[in-house]
Amino acid sequence: MRPKRADELIGGNLYWIVRHTIIAGIEILRFEDREDGRIDIVCSAEIRTVAPMPRRVHQGWRYLEDADAPKADDDGSGLGALPPQLYGRLAALALV
């Protein structure tokens, strides 16, 4: 189904949540209608990593305000430079 606020999403990002953590995003370029009634989300070819950010897993669209969106990988915290397994272990211990 087409998101109700589809026009607002163009130019925004679609984020990946893996093990309760946002780890990457990709820019949404447009939405295309298919003949079978479904919608294609056309995204850029470049996936950008973001500073890991805890997030509850959910189904469906969530609209993040700019203040709530994950920051770029080079946000100065150094968390984005950690290997994913190390970050996961630190997160499991509630240290990040």
Given the structure, is Ala69 within 15 Å of the chain's Cα centre (by Cα), surrounded by 13 or more Cβ atoms within 10 Å (Cβ to Cβ) and in a loop (DSSP other than H, G, I, E, B)?
yes
Does Thr49 satisfy being within 17 Å of the chain's Cα centre (by Cα) and touching a residue at least 40 places away in the same chain (Cβ under 8 Å)?
no
Of the numbered conditions (1) in contact with a strand residue (DSSP E or B) (Cβ under 9 Å, 6 or more places away or on another chain); (2) under 21 Å from Arg2 (Cβ atoms); (3) not basic (Lys, Arg), Gly37 fails exactly one; give the number of that condition.
(1)
Only one residue in Pro84, Pro3 is in contact with a helix residue (DSSP H, G or I) (Cβ under 9 Å, 6 or more places away or on another chain) and not hydroxyl-bearing (Ser, Thr, Tyr). Which one?
Pro3
Residues of the stretch 23-32 classified as free of Cβ contacts under 8 Å to residues at least 40 places away in the same chain and more than 18 Å from Glu8 (Cβ to Cβ), total:
1
Residues within the stretch 6-41 that are surrounded by fewer than 12 Cβ atoms within 10 Å (Cβ to Cβ) and either aliphatic (A, V, I, L, M) or more than 17 Å from the chain's Cα centre (by Cα) (or both), tallied:
9
Of Ile23, Ile28, the only residue that is at pLDDT 85 or above and assigned to a strand (DSSP E or B) is Ile28
Kindly provide the set of residues from the stretch 1-19 that are in contact (Cβ under 8 Å) with a residue 40 or more places away in the chain and out of contact with any Phe, Trp or Tyr (no Cβ under 9 Å at 6 or more places or on another chain), ordered by number.
Asn13, Tyr15, Ile17, Arg19
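The values are calculated or read from the model by the stated rules, or taken from the named source; none is laboratory data. Predicted, not measured: the structure shown is a model, and the values here were computed from it. As a convention, Cβ positions derive from the backbone with ideal geometry for all residues, glycine included, and neighbour counts pool all protein chains shown.
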